[in-house]
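Report on the following structure.
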Amino acid sequence: MNPAADRSRVLAAGVVAAGAAALCALAAWSSETVENAAGLTATVSRSGTEAAPWLLPCVLAAGAAFLALLVAGRRTRRLIGAVAALAGLAVLL
């Protein structure tokens with residue numbers, strides 16, 4: 001196994017996962033058809049950022065933490081991991 005190739009695969013997988021999560025946060029989560037008094041109908045969509053405004057910043061923070069974990073040393077990795085775990089706990093609350 002080549003460590004440089006493994007690192008590039010992990011980097012690619014992390015960037016793709018963060019990008020996919022960001023796209024999911026921006027996509028339409030729900031839509032509703034509304035009819036007014038004149039009988040006209042309109043479809044209203046809500047994106048993930050409208051339904052859960054905290055989601056996109058959390059996705060971006062997780063992506064940044066992932067990239068920081070790849071380049072950081074051992075002590076810094078532990079600190080970043082603790083901060084990322086606290087951010088994940090904040091999402092649950």
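The values are calculated or read from the model by the stated rules, or taken from the named source; none is laboratory data. Keep in mind it's a predicted model, so treat the numbers as computed, not measured. In this analysis, Cβ positions are derived from the backbone assuming ideal geometry, glycine residues included, and neighbour counts consider all displayed protein chains. SASA here: full protein model, heavy atoms, side chains in, ligands and nucleic acids out. Shrake-Rupley method; radii C 1.70, N 1.55, O 1.52, S 1.80 Å.
Structural remarks
- Scanning segment 39-62 for residues that are over 16 Å from Gly19 (Cβ atoms) and either open to solvent by 60 Å² or more (accessible area, probe 1.4 Å) or in contact with a Ser or Thr (Cβ under 8 Å, 6 or more places away or on another chain) (or both) yields a count of 11.
- Flag set for Gly14, criterion: open to solvent by less than 80 Å² (accessible area, probe 1.4 Å) and under 20 Å from the mean Cα position of the chain (by Cα).
- Test: residue in segment 6-20 that is touching a helix residue (DSSP H, G or I) at 6+ places or on another chain (Cβ under 9 Å), modelled with pLDDT under 90, under 24 Å from Ala87 (Cβ atoms) and in a loop (DSSP other than H, G, I, E, B): no
- Any chance Arg7 is surrounded by 10 or more Cβ atoms within 10 Å (Cβ to Cβ) and touching a residue at least 60 places away in the same chain (Cβ under 8 Å): yes
- Residue in segment 27-37 that is open to solvent by 40 Å² or more (accessible area, probe 1.4 Å), out of contact with any helix residue (DSSP H, G or I) (no Cβ under 7 Å at 6 or more places or on another chain), within 19 Å of Leu92 (Cβ to Cβ) and not in a loop (DSSP other than H, G, I, E, B) present: no
So that you can scan it fast, the table gives a plain yes or no per residue for (1) surrounded by 12 or more Cβ atoms within 10 Å (Cβ to Cβ); (2) at pLDDT 90 or above; (3) basic (Lys, Arg):
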site	(1), (2), (3)
Ala22	yes, no, no
Ala64	yes, no, no
Arg75	no, no, yes
Ala90	no, no, no
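- Residue in segment 61-76 that is hydroxyl-bearing (Ser, Thr, Tyr), in contact with a Leu (Cβ under 8 Å, 6 or more places away or on another chain) and more than 20 Å from Ala90 (Cβ to Cβ) present: no
- For Ser47, the stated conditions hold: it is among the hydroxyl-bearing types (Ser, Thr, Tyr) and in contact with a helix residue (DSSP H, G or I) (Cβ under 9 Å, 6 or more places away or on another chain).
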